[in-house]
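Before any comments, here is the structure.
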Amino acid sequence: MFESLKPGTPDPILAVLGLYRDDQRPHKLDLGIGVFKDHSGNTPIPKAVKAAERRLLEQQTSKAYVGMAGDLAYNEAIKRVVFGDLDLGDRCASLQTAGGSGAIRLMGEMLNASAPGARVWLPGPTWPNHAPTLATAGLSLETYPYFDFGSQSLLKEQMFAALAKAGKGEIVLLHGCCHNPTGADLELEDWHRLTDMALAQGFLPFIDLAYQGFGLGLEADAAGLRHMASHLPEMLISASCSKNFGLYRDRIGAAILIGANAASTSAMRDLLISRTRLAVSMPPAHGAEVVREILSDVALEQSWREEVEAMRLQIQGARQALADQLRSLSNSDRFDFIAQQRGMFSTLGISAEQVACLRDEHAIYLVGNGRMNLAGLRADQAEPLARGLLAVMNAED
């Protein structure tokens with residue numbers, strides 16, 4: 001029955017993780033998969049998460065199903081993290097999903113059910129899973145210019161010119177903050193301009209918010225999104241708790257829906273619930289319960305917010321340390337952009353051959369397109385990383 005099946009294409013990020021694990025060199029450096037690591041090289045469980053889990057262990061009395069929409073208290077709490085004091089009333093609904101990826105897939109299916117084959121505009125570059133996930137949901141794809149690796153700068157005017165062609169019934173995907181893979185973010189005035197364009201042209205913004213808190217802070221990272229939400233009749237948001245709550249393996253996210261009115265939002269919510277039933281029946285409970293517990297307790301929430309800020313500052317410190325080492329060793333400012341970019345990732349735009357050379361000769365592991373996870377870099381590793389990068393880059397100059 002399965003004779004005609006062909007082997008699937010390995011995920012490039014997970015493939016790097018496997019190679020890293022098999023490397024026996026003690027000085028090896030993993031900057032591939034996007035997880036935060038502390039100064040000991042571990043991916044820690046936040047103290048607020050551990051405290052919430054202890055409470056759940058002591059107080060939980062059942063493992064019964066929670067329902068296809070997930071934990072309802074979590075659904076309300078995550079809206080407060082995303083929107084702050086902005087209250088959209090019954091025009092806004094949130095559903096628990098299996099990570100931010102689950103939200104993207106479910107909302108992709110909802111979009112295709114509403115407008116089969118609708119066009120989604122994706123930034124170039126973007127997270128590699130965006131295109132296959134949305135295409136598999138049945139949508140068509142278009143790329144708009146976003147970033148130039150040569151100058152390490154945003155292509156703002158080219159972006160706006162391309163998106164001037166996006167019209168009613170089309171979707172524009174935007175990274176809420178900490179763009180993956182470049183670390184280059186839009187400024188608040190750019191969000192204002194995109195909001196005006198969406199109002200005039202009728203396209204639907206679809207925001208992927210995977211790293212809230214890792215850029216400028218929990219509130220500042222959502223400022224552009226909040227401006228859009230307060231001015232537009234419709235919007236979709238995929239939110240993830242993997243990074244800022246450290247709940248990577250618990251796969252907890254949310255699909256957040258903003259409709260023109262309560263009836264429209266209710267219809268979207270009902271469709272997502274029916275698709276959840278077909279896909280996974282019920283979303284898993286544990287991660288949502290942990291987040292709900294944290295966000296329902298003043299002390300725990302404050303502890304969590306402080307831990308997110310500490311992670312953000314560590315990432316920015318690693319960026320600065322690497323930029324300083326590269327400036328010192330190269331005697332130039334060509335790498336100063338690393339300190340100016342935001343969040344976990346930067347991409348140098350080096351070749352696959354250079355990435356392989358870093359791995360084989362320097363035990364430094366990056367994703368094939370040269371994306372670096374700066375959240376995996378300790379301060380004492382900045383110098384060997386800088387020396388390795390310069391060695392392979394200068395070899396081809």
| remark: By residue number, the members of the stretch 324-368 that are within 19 Å of Ser153 (Cα to Cα), among the basic types (Lys, Arg) and assigned to a helix (DSSP H, G or I) are Arg327
| message | Among the residues of the stretch 190-208, are any under 15 Å from the mean Cα position of the chain (by Cα), part of a helix (DSSP H, G or I) and under 28 Å from Gln316 (Cα atoms)? | response | no
| Count - residues of the stretch 281-315 that are over 18 Å from the mean Cα position of the chain (by Cα), crowded, with 22+ Cβ neighbours inside 10 Å and farther than 18 Å from Met68 by Cβ | 4
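For residues that are of a type in the set (Asp, Glu) and not in a helix (DSSP H, G or I), scanning just the stretch 6-63, find the one that is farthest from Val291 (Cα to Cα). Break it down stepwise before answering.
Just the residues of the stretch 6-63 that are of a type in the set (Asp, Glu), to begin with: 11, 22-23, 30, 38, 53, 58.
Cutting the leftovers down to not in a helix (DSSP H, G or I) gives us 11, 23, 30, 38.
Numbers: Asp11: 29, Asp23: 36, Asp30: 28, Asp38: 21 Å.
So the residue we want is Asp23.
Could you please let me know if Arg275 is surrounded by 16 or more Cβ atoms within 10 Å (Cβ to Cβ), over 22 Å from the mean Cα position of the chain (by Cα) and at pLDDT below 95?
In short, yes.
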| note | Screening Arg249, Arg277, Arg269, Arg226 for residues that are assigned by TED's automatic domain parsing to the domain that holds Val82 and assigned to a loop (DSSP other than H, G, I, E, B) leaves only Arg249
| Does the stretch 141-153 contain any residue that is touching a residue at least 60 places away in the same chain (Cβ under 8 Å), within 29 Å of Glu293 (Cβ to Cβ) and part of a loop (DSSP other than H, G, I, E, B)? | no
| task | Name the residue, out of Asp71, Asp85, that is loosely packed, with under 14 Cβ neighbours inside 10 Å, in the same structural domain as Arg251 (by TED's automatic domain parsing) and over 22 Å from Ala375 (Cβ atoms). | result | Asp85
| query | Quick one: Glu234 ticks every box in (1) buried (at least 22 other Cβ atoms within 10 Å of the Cβ); (2) in contact with a strand residue (DSSP E or B) (Cβ under 8 Å, 6 or more places away or on another chain) bar one, so which box is it? | reply | (1)
| said: Going by what's in this entry, would Ala267 be described as free of Cβ contacts under 8 Å to residues at least 40 places away in the same chain and surrounded by fewer than 18 Cβ atoms within 10 Å (Cβ to Cβ)? | reply: yes
| query | Can you spot a residue in the stretch 93-101 that is in contact with a Leu (Cβ under 7 Å, 6 or more places away or on another chain), polar (S, T, N, Q) and surrounded by fewer than 20 Cβ atoms within 10 Å (Cβ to Cβ)? | reply | no
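The values are calculated or read from the model by the stated rules, or taken from the named source; none is laboratory data. All of these numbers come straight from a predicted model, not from anything done at the bench. With ideal geometry, Cβ positions are generated from the backbone for all residues, glycine too; neighbour counts draw on all protein chains shown.
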